[in-house]
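Taken together, the values in this text are just the output of simple stated rules run on the coordinates, not laboratory data. The structure presented is a predicted model; accordingly, all values stated were derived computationally and were not measured. We place every Cβ from the backbone using ideal geometry, glycine too, and count neighbours over all the protein chains shown.
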Amino acid sequence: MFTGSYVAIVTPFKNGKLDERALGDLIEWQIASGTHGIVPCGTTGESATLTHAEHDRVVAFTVEVVKRRVPVVAGTGSNSTEEAIALTKHAKAAGVDGALLITPYYNKPTQEGLFRHYKAVAEAVDLPLVIYNIPGRTGVNMMPATIARLTICPTVVAIKEGSGAVQQASEIIELCGERLTVLAGDDALTLPMMAVGGKGVITVTANLVPTKMAQLVNDFREGRIEAARAMHYELYPLFTALFYETNPIPVKEALHLMGKIAPELRLPLCSMGNENKAKLLAVLKAAGLV
């Protein structure tokens, strides 16, 4: 259902408030540039520091701007199952095409707890769900066997696999087959994960180069393997630079340098250190983005 290059879009702020004009411009640019889908309110969208009202508004606004031209998969995860259900219900009412739910963070649930969490959301809201596994952020790794168990839920349709291990992605694909779509959760692993059966990526880098990220995926899917590999290596410096510091600090700084958003983050995230900022600027210049 969800394949291709989906941008994990940033949430622009201006004077501490949501900058809807900048967000709308970013969405229009993404669609015009060939991005296959929009993912608001993910980690890159600073969902952890949005109020519930802001979260709901970002999701609804994204749906309004997109107008069904590409799929919208809204981040609705939480470390509280009831809160995740509430956010997912709102997203469905707003008209999204699917929801992205991070594994509960800080609680560090067991594999059984993870299974019950997602099953509860799936039973409460009739909406296509994408599991988001990123143990480096959450402190818990959802194992392939648990993911396979969840395919009994017909609305659990995909996983954003961000463990950083192609082997784990391979195990998920081996266990789940066509019952579950695997999307890369690390931009630098887009090509390797597609090589073992992944169907695309939910990407930070597409915030800066949407056309090229979409082209990487398109080339691989259409059998142009050498072209996909060449694009992977062309983009590799960006893949690295966007994680010089905690995401989304570098990507928001880059978009600011490109003249697309104000350089605002919400504490506890803060602006880049000068040394990393200089390194990032050099990569952006080399890529022709500034």
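Remarks
- Straight-line reach from Lys119: taking Cα to Cα under 27 Å and skipping same-chain neighbours fewer than 8 places apart, the lysines in range are Lys89, Lys92, Lys108, Lys160, Lys199.
- Per-peptide average of other Cβ atoms within 10 Å, ordering 94-104, 268-278, 168-178 highest first: 94-104, 168-178, 268-278
- Among 252-260, 33-41, the order from most to least packed when residues are scored by Cβ within 10 Å on average: 33-41, 252-260
- By DSSP, the beta bridges lying fully in the chain are antiparallel in about 5 percent of cases.
- Remark on Thr203: its backbone amide H falls under 5 Å from those of Tyr6, Val7, Ala8, a criterion applied only to residues 5 or more positions apart or on other chains, H modelled at 1.01 Å from N.
- In the calculated pair-distance distribution of region 211-286, the portion above 19 angstrom amounts to 43 percent of the Cα-Cα pairs.
- Our note on the geometry: Cα centres of region 214-290 and region 30-63, 18 Å apart.
- Taking every C-alpha pair closer than 8 Å and separated by at least 6 residues, the mean separation divided by the residue count of the chain gives a relative contact order of 18 percent.
- Qualifying lysines (Cα of each under 16 Å from Cα of Lys14; at least 8 residues distant if same chain): Lys252, Lys260
- Interchain or long-range residues, amide H under 5 Å from Ala158's placed H: Leu129, Ile131, Thr181
- Relative to the Cα centre, the charge distribution of region 4-224, modelled as +1 at Lys and Arg Cβ and -1 at Asp and Glu Cβ, gives a dipole magnitude of about 120 debye.
- Packing here is the average count of other Cβ atoms within 10 Å per residue, and on that basis the peptides 191-204, 215-228, highest first, run 191-204, 215-228.
- Two numbers describe the Cα atoms of the chain: Rg and Dmax, which are 17.7, 49 Å.
- You can think of it this way: the chain between Ile152 and Asn107 has 13.7 nm of extra reach, that is 0.36 nm per residue less the Cα-Cα gap.
- Selected from Thr76, Leu101, His55, residue furthest toward positive end of dipole (region 1-151; charges at beta carbon): Leu101
- Subtracting the Cα-Cα distance of Leu269 and Gln167 from their residue separation scaled by 0.36 nm leaves 33.5 nm.
- Relative contact order (%) - criterion: Cα under 8 Å, at least six apart; region: region 168-290: 18
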